[in-house]
Amino acid sequence: MRRDHGCRRADHEFSRRGFLATGAAVGVAGLASPAVSKQLRKGQKRVLQIYLQGGVSQLESWDPKPGTRYGGPFRAIPTSVPGMHICELLPHTAQRMHLLSIVRGINLKTNSHHDGRLFMEMGRRSGSFPYVGSIAAKHLTPANAPLPGYLHITTRGLTDNTNAFLDARHAQLKLAGPKVPDNLIRPDALTVQAARRSGELLKRLNRRFSGRGGQKAFTDSYNASFEMAEKLMARRDLFEGKPDPKDLQRYGSHPFGRNCLLARTLLENGATVVKVTHHGYDTHAENFNFHLEQLGEFDNTFCMLLDDLHQSGLLENTLVMVMSEFGRTPKINVRYGRDHWGTAWSIAVGGHGLVPGAIVGATNKEGTEVSEREVDGGHLFHTYLQALGLDSTANHDLGGRTVPIGDPTRSPIKELLA
Amino acid sequence: MPVFLRTHDTRMLATACMLPFLIVTQAIAAAPESTFPSQIDALIEARLKDFSTHASPICTDAEFLRRVTLDLTASIPTAAKTRAFLKDTAPSQEKRSRVVTELLASPQHATRMQYLLDWLLMERRSSENVASAQWQKYLRASAVANKPWDELTREILADDGGNAKTRARARFYLDREFDLTVVTRDVSRIFLGVDLECAQCHDHPAVTAYKQQHYHGIKAFLDRSFLFTDSKSKQKSLGEKAEGDVTFTSAFDETKGKTAPRILELPELVDPKDTLKQYITKPAKNVRSVPRYSRRRQLGEAMTVAENQDFRLNIANRLWAVMMGRGLVEPLDLRHAANPPSHPELLSLLGDALHQHKYDMRWFLGQLAHTRAYQRSSVTRPDSATVANRHYAVGLLKPLGPEQYAWATMEATGFLEKVRIDARASLAAAAKKAAAKKGSKKKAPKAKTAATPPSPPTLADIEAAVRKTVAPHVKTFVTQFAAQGGQKTTFSATAPQALFLTNGALLREWLKPAGANLLARVSKLDDSQAVAEELYIRILNRLPTESEQKEVAIYMELPGKRVDVLGELAWALLLSAEFRFNH
């Protein structure tokens, strides 16, 4: 099952299912651009991270407890995996659980949005460490990649130091949805010729300056920022084109639908890590109504994206995570809300390097604590990286100083690794 | 300090206090002040056996002028200043010394310090409970007065925000929402140079020198205080209780501890007798309680006593990093036994000197500017990079801070020159009007004698007017280029920044010919040599080399409207790494 095993021969990387999909299913639902097949052959590993911002309720999603004291009004439904049940708010996802696995025993020991989010991203409870996306981008982005490695589609702007001590080219680049990023377009007054030749002059000046010495990391980072800007400028078409009406109908014309369509486009066109944030799960009041609405949007859209990745074969190479900063309290408050809850909650993962259709860990009958296989952000972090074939127990080499990539006191969830 | 002394064995404390003090006094007294820079250089150069084989030569006058102007005044020199400095035939060290004195006396130096202090203390936090204008005004006044660092520290750490006149000082606490964890961590990081966050729950797992009791000792100063919101005005300030002790349990082995306020390894501060539960304003609903004895008010005092070496070492290291591009301790807030300074004796010397000079930061920065270490060229000898960087044998690159970057860009494009001219004119007009009004009041309406001649606007007035005009642009650069977080010596450039520089409207606007700005000036020059000189002097503050002149000449031959071609040249120089860094 394990795709890596240190064997990186091209014929192993090129998946049979991917071949069949591109070869045989041309024309299915707006797939199979020439770019897709080209990327497939390269077998470049990718990451799709769906972040349900605010803290999705595990009880209304991956770990329902119907009929118990805190269970809430929704039922549990069977899924495509025999014996696995999830909340009825996710009917489409339920039909695709054979592609995903659930981790049900997460305990972060924090109920803070900020700390929970960082723990889930950095695999460390505190301090300044690179996000999992930044590390994946660093190790998986080919030198000649057509796009910056780590793209985050979000409509809100928190300034995150995602690369920490890694080079700035591995930092997350934020996109405010399927619209042209700020300053992407060359000013009208500047001709193509002028832009090209002055750009060349700039490169020449910078090469000369780098040649004088000075901290290489500084000049490299500065030069790299222009290279990334150029890559984005060269692919402004990715942000400008109107989505196919059929796609829009399938994904939904709401922002999350459009953002997931953009995510598919970016993954098909050589992005390494794409994160999409779905905002609005912090349901301190009216938890059930809000989850009905939010998860309705998520369920359909996410499944369309998952289908497309699956059918094009990209899923074989793509690690998928559906995560949050924490879950929500079993106890229902007076406003029919659920509050912050890092103590016993779940996420869903799938794709490259992971066993599909599994459930790891469990919570007790009423969901008030983890009863089996307790893990935290540190374990998940190791798991993500090892699923991608990266050694999470190795060190970042910071020139004279080493920092363990994953928290050395944590280990991957072995039973989840394919 | 009376409260501090009252709580300890006075005799013992006095001895402990005097001993290092005496030694320091003698050391400094034995060597005249003028040699402080050479003492620094001696320690730098003795630290590496073959220092001279790695050392870059002293930088050129042009490199020095740009470097020191950026470091001391947050902008690059004007073209006139650059030309005059290069032409000046006085001995190099003499004119360098003169320029340092001039810069330190300029109103722009206060601007630089204002920016630095803001960054250092607030770490790019947004303004929540204290208006930004109020805070900036306080910083400005402090920078203009060259307020000693210890005094500033005491003011900031004592204020509760209850008094409108001094409320700005409390921003350090109030805009951290007085979150006890955050405030405790930031007090120890920013004023002591130690990051105790991980020592909150247990002795630091990786840093054996950081103990749980250290964290809780600092916390004990603050633990009785709380954020109080006035029910009517909704204004936030700090209240404080007159009781409550800090206890803690190790998350590792469950051992319990208890501590009164204390700074790291210094003795605990015992509350004065009969102050428990004693209030000036008693706690009640919607009442901000004020105790008779405030533990929080002791923090600044305890922090700045002579025996607290950490306080002086921290600020010495931070100011050194500002000038030299790298702290003697890196990261700047992680000083401990296993991460010692690269030059321990030097850091002690710097800390003691600052202490001796009553934490006069202006004096200190001026002294550093006189060292050979500061004045070395940034051109690295082949194969020496790593060792030279670590030993200050080469001038390190310092990325321009967002504010420096804004001012330097405005200066280089000539936009600032226009702002200055306008400011001067409008100030002169205003002065004339005021004088005429004054004159007309005093004299009989028909008297023919002229009104008292208006006094010309002072440099500080002009600087203030200019600062006001360009504030939105500086803010734009801060938004684009500031990273969240505190003082660091690392650098990261992002794609959105590159896009801002490449396609953003602001820079393109400044690069259009107008008035007497850069493009208007170079457009009028016929000769490519003159163009090259003007571009290089104004943007990079130096003369072009012969090959650079040739490069400009060749570029000018390219097809296109002349002004466009010149704009491209200026744009490339403006975006060059040589401009992006202070080198």
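The values are calculated or read from the model by the stated rules, or taken from the named source; none is laboratory data. Keep in mind that this is a model prediction, so the values were computed, not measured. Every residue, glycine among them, receives a Cβ derived from its backbone with ideal geometry; neighbour counts consider all protein chains shown.
Of all residues being touching an Asp or Glu at 6+ places or on another chain (Cβ under 7 Å) and part of a helix (DSSP H, G or I) in region A:120-148, which is nearest to A:ASP63 (Cα to Cα)? Just the residue, please.
A:MET120
When the residues of region A:149-188 are filtered to those that are hydrophobic (A, V, I, L, M, F, W, C) and not in a loop (DSSP other than H, G, I, E, B), which remaining residue is farthest from A:VAL47 (Cα to Cα)?
So, considering only residues that are hydrophobic (A, V, I, L, M, F, W, C) and not in a loop (DSSP other than H, G, I, E, B), the one farthest from A:VAL47 (Cα to Cα) is A:ALA168.
For residues that are within 8 Å of chain B (Cβ to nearest Cβ) and of a type outside the set (Asp, Glu), scanning just region A:175-188, find the one that is nearest to the chain's Cα centre (by Cα).
For region A:175-188, the residue satisfying everything is A:PRO181.
Suppose we filter region B:542-583 for residues that are under 34 Å from the mean Cα position of the chain (by Cα), surrounded by fewer than 20 Cβ atoms within 10 Å (Cβ to Cβ) and within 11 Å of another protein chain (Cβ to nearest Cβ); how many remain?
The qualifying residues number 1.
Considering each of B:SER528, B:SER492 in turn, give the residue that is hydroxyl-bearing (Ser, Thr, Tyr), touching a helix residue (DSSP H, G or I) at 6+ places or on another chain (Cβ under 9 Å) and more than 30 Å from A:LEU175 (Cα to Cα).
Just one listed residue meets the conditions, B:SER528.
Give the residues of region B:85-111 that are of a type outside the set (Val, Ile, Thr) and touching a residue at least 60 places away in the same chain (Cβ under 8 Å), sorted by residue number.
Listed by number, the residues that qualify are B:LEU86, B:ARG96, B:SER97, B:LEU104, B:SER106, B:PRO107, B:GLN108, B:HIS109.
For region B:367-375, does any single residue satisfy the condition of being out of contact with any Phe, Trp or Tyr (no Cβ under 6 Å at 6 or more places or on another chain), more than 14 Å from chain A (Cβ to nearest Cβ) and aliphatic (A, V, I, L, M)?
yes
Checking B:VAL531 against (1) surrounded by 23 or more Cβ atoms within 10 Å (Cβ to Cβ); (2) within 13 Å of chain A (Cβ to nearest Cβ), only one condition comes out false. Which one?
Failing condition for B:VAL531: (2).
Can you name the helices (runs of 4 or more DSSP H) wholly within region B:360-408 that have at least 1 residues being crowded, with 23+ Cβ neighbours inside 10 Å and at pLDDT 95 or above?
Helices (runs of 4 or more DSSP H) meeting the threshold: B:361-369, B:372-375.
Among the candidates A:VAL403, A:VAL375, which residue alone is at pLDDT below 95 and assigned by TED's automatic domain parsing to the domain that holds A:LEU52?
Step by step, each of A:VAL403, A:VAL375 is checked, and only A:VAL403 is at pLDDT below 95 and assigned by TED's automatic domain parsing to the domain that holds A:LEU52.
Any idea how many residues of region B:305-326 are closer than 30 Å to B:GLU268 by Cβ, touching a Leu at 6+ places or on another chain (Cβ under 9 Å) and assigned to a loop (DSSP other than H, G, I, E, B)?
Number satisfying all stated conditions: 3.
Condition (residue is closer than 21 Å to B:MET303 by Cα and within 14 Å of another protein chain (Cβ to nearest Cβ)) applied to region B:322-329: is it met by at least one residue?
Yes: region B:322-329 contains one or more residues that are closer than 21 Å to B:MET303 by Cα and within 14 Å of another protein chain (Cβ to nearest Cβ).
Can you tell me which residue in region A:240-269 is farthest from the chain's Cα centre (by Cα), limited to those that are among the hydroxyl-bearing types (Ser, Thr, Tyr) and surrounded by fewer than 23 Cβ atoms within 10 Å (Cβ to Cβ)?
Among them, the one singled out is A:SER253.
Return yes or no: is A:GLY214 modelled with pLDDT under 90, more than 20 Å from the chain's Cα centre (by Cα) and not aliphatic (A, V, I, L, M)?
Taking the combined requirement at face value, the residue satisfies it.
Inspect region B:97-117 for any residue being acidic (Asp, Glu) and surrounded by 22 or more Cβ atoms within 10 Å (Cβ to Cβ) and give the result as yes or no.
No, every residue in region B:97-117 fails to be acidic (Asp, Glu) and surrounded by 22 or more Cβ atoms within 10 Å (Cβ to Cβ).
For region B:208-252, give me every one of the strands (runs of 3 or more DSSP E) that falls completely inside it and has 2 or more residues that are closer than 17 Å to B:PRO291 by Cα.
The strands (runs of 3 or more DSSP E) meeting that bar are B:225-229, B:236-240.
Looking at region B:212-253 only, could you name the residues that are of a type in the set (Phe, Trp, Tyr) and either surrounded by fewer than 17 Cβ atoms within 10 Å (Cβ to Cβ) or under 19 Å from B:ILE156 (Cβ atoms) (or both)?
B:PHE221, B:PHE226, B:PHE228, B:PHE252, listed by residue number.
Can you tell which of B:ARG538, B:ARG521 is assigned to a helix (DSSP H, G or I), among the basic types (Lys, Arg) and in contact with a Leu (Cβ under 7 Å, 6 or more places away or on another chain)?
One residue alone meets the criteria, B:ARG538.
Which of the residues spanning region B:533-580 are of a type in the set (A, V, I, L, M, F, W, C) and over 25 Å from B:ALA406 (Cα atoms)?
Once the filter is applied, which keeps residues that are of a type in the set (A, V, I, L, M, F, W, C) and over 25 Å from B:ALA406 (Cα atoms), region B:533-580 yields B:VAL552, B:ALA553, B:ILE554, B:MET556, B:LEU558.
When you scan region B:495-507, do you find a residue that is within 14 Å of chain A (Cβ to nearest Cβ), of a type in the set (Phe, Trp, Tyr), within 17 Å of B:GLU403 (Cβ to Cβ) and free of Cβ contacts under 8 Å to residues at least 40 places away in the same chain, even just one?
Checking region B:495-507: at least one residue is within 14 Å of chain A (Cβ to nearest Cβ), of a type in the set (Phe, Trp, Tyr), within 17 Å of B:GLU403 (Cβ to Cβ) and free of Cβ contacts under 8 Å to residues at least 40 places away in the same chain.
What number of residues within region B:321-349 are among the aliphatic types (A, V, I, L, M) and either assigned by TED's automatic domain parsing to the domain that holds B:ARG185 or touching a helix residue (DSSP H, G or I) at 6+ places or on another chain (Cβ under 8 Å) (or both)?
9
Are any residues in region A:284-336 of a type in the set (Val, Ile, Thr) and under 20 Å from A:THR93 (Cβ atoms), and if so, which ones?
Those that are of a type in the set (Val, Ile, Thr) and under 20 Å from A:THR93 (Cβ atoms): A:THR301, A:THR318, A:VAL320, A:VAL322.
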